[in-house]
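Have a look at the structure below, then the notes.
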Amino acid sequence: MLYVLRTYSIVKPMKILKAITLSIGELEQPVITSYQLGLIIFNLYKTKIYKGEPITNIQKEVADSTIYNKIIRLLDSDGILIQYKGLPLGAAYSLLGRSHESIEDVVCIIDPFSYVSHLSAMEFHGLTNRGPSKLFVSSPAPKQWKIFALERMGKDLKKDCKTYQENKMPLLRRTVIKKIGRREIHRFSSVHWGAYKNVKGRSMRVSTIGRTFLDMLRNPELCGGIDHVLDVFDKHGRDYINLIVDEIDQHGGPIDKVRAGYIFDERLGLKFEKEKSWIKFAQRGGSRRLDASSEYEPVWSEKWCLSLNIISEN
């Protein structure tokens, strides 16, 4: 008689705290928010499995705020989590062994709908050599931010979203960040939430080249001033003209098109595809200004009907 020897792999059960610690360790980011921790704990309690291994010592079907707070205290006492300085208690934690965090990454983790913009984006894209003392970021206004947060939670939790909230697990909430360390954070909110890109290998997001130039026209005071903005257009406008024109044509308003049209046409002497359609937005008798942050001056472009309200340095 032939006997077949069968071998069985013995799967050792894992304790919940170890599963949570390993899940946190998989994150490629310097800090973690209370909401991100809540998702990890909630999902491990729900599945009771970590990478195919069963989790023991789970006595409840669903994690709640009492369990969450107990786990956070244990992780804190073990040094795995450290309260991030300068933020409200429990908003975010530094992770063990992640001491070399970038402020840009930290802000984009804490506010998942923000991105680096204006003068900080100009520096990132190599458009300016001015290293801003502040970090400029764009983020939706509070009311819109809340809508985005509810949508994100619905996407993350799906049918369990209501259960998660009923058990008072940490929600995705807007944290006001005024300063990190010695660096001030300038948060710009607008109904015009712009185009951004994810930076490879980082948690940072930054406005695209085209969007950065559009922001320069709309808010020159956040981009080094109008003289610096025009200098950047002089040096780099030709190189990025297609990206700039595409962004402004799709997402810019009439005044944005008039300002960009004047700069490309009369200041730089460049021809561009949208000139004929943009010139239609020039309006005679108005008080449109090249510098959105300065007063009207009686010096203008006849073609683009635009006040050239630039204070001469001469």
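Just so you know, all these numbers are worked out from the coordinates, no wet-lab data involved. From a predicted model like this one, the values you see are computed outputs, not experimental measurements. Ideal geometry is used to build each Cβ from the backbone, glycine not excepted, and the neighbour counts take in all protein chains shown.
Give me the percent of DSSP beta bridges within the chain that run antiparallel, rounded to the nearest 5.
Bridges in the chain that DSSP calls antiparallel: roughly 70 percent.
Between Leu95, Leu214, Leu27, which gets the highest mean-square fluctuation from a Gaussian network model of the chain, Cα cutoff 10 Å?
Leu27
Do you know the relative contact order of region 208-307, to the nearest whole percent, from alpha carbon pairs under 8 angstrom that are 6+ apart?
For region 208-307, the relative contact order is 28 percent.
With angles folded into 0 to 90 degrees, how steeply does helix 142-157 sit against the dominant principal axis of the chain? Use alpha carbons for both and round to 10.
40
Given the Cα-Cα distance of Gln83 and Ile49 and 0.36 nm per residue of separation, how much length would full extension add, in nm? Mind showing how you got there, number by number?
On the way: separation 34, 0.36 × 34 = 12.24 nm, distance 2.77 nm.
Taking Gln83 through Ile49 to full extension adds about 9.5 nm, to one decimal.
Connecting C-alpha atoms closer than 10 Å in a GNM of the chain, tell me which of Leu268, Leu222, Leu290 has the biggest fluctuation.
Leu268
Helix 65-77 against the longest principal axis of the chain: what's the angle in degrees, Cα atoms only, rounded to the nearest 10?
For 65-77 against the chain, the angle is about 90 degrees.
Once region 208-307 is represented by equal point scatterers at the alpha-carbon sites, with solvent omitted, what log10 I(q)/I(0) does the Debye formula produce at q = 0.16, 0.19, 0.20 Å⁻¹?
-0.60, -0.88, -0.98
Tell me the relative contact order for the chain as a rounded percent, counting alpha carbon contacts under 8 Å between residues six or more apart.
14
Could you work out the per residue convex hull volume over the alpha carbons of region 185-255, in cubic angstrom?
116
Quick check: Cα centre of region 137-196 to Cα centre of region 198-222, how many Å?
19
Which residue, Tyr93, Tyr262, Tyr296, tops the fluctuation ranking in a GNM of the chain built on C-alpha contacts under 10 Å?
Looking only at Tyr93, Tyr262, Tyr296, the biggest GNM fluctuation is shown by Tyr296.
Over the alpha-carbon set of region 14-205, divide Rg by the Kirkwood Rh and report the Rg/Rh ratio to two decimals.
0.99
What angle do you read, to the nearest 10 degrees and between 0 and 90, between the alpha-carbon axis of helix 209-218 and the longest principal axis of the chain?
Once rounded, one gets 60 degrees.
May I ask you to compute the full-extension gain from Thr163 to Tyr296, defined as 0.36 nm times their residue separation minus their alpha-carbon distance, rounded to one decimal in nm?
42.3 nm
Under the rule of -39500 (n - 2.57) per DSSP H run of 4 or more residues, summed and divided by the residues of the chain, what mean residue ellipticity at 222 nm is obtained, to the nearest 500 deg cm²/dmol?
Result for the chain: -11000 deg cm²/dmol, rounded to the nearest 500.
Just how many % of Cα pairs in region 164-207 lie over 11 Å apart, if you round to the nearest whole percent?
79
Extending each Cα 7 Å along its Cβ direction at Leu74 and Ile58, get the distance between those two points in nm, one decimal.
1.3
Taking region 223-314, which trypsin sites (Lys or Arg not before Pro) meet the DSSP loop condition and have no more than 15 other C-beta atoms within 10 Å?
Arg238, Lys271, Lys274, Arg284, Lys303
Quick one: which of 202-211, 122-131, 73-82 comes out on top by average Cβ neighbours within 10 Å, and what's the full order, highest first?
The most tightly packed comes first, giving 202-211, 122-131, 73-82.
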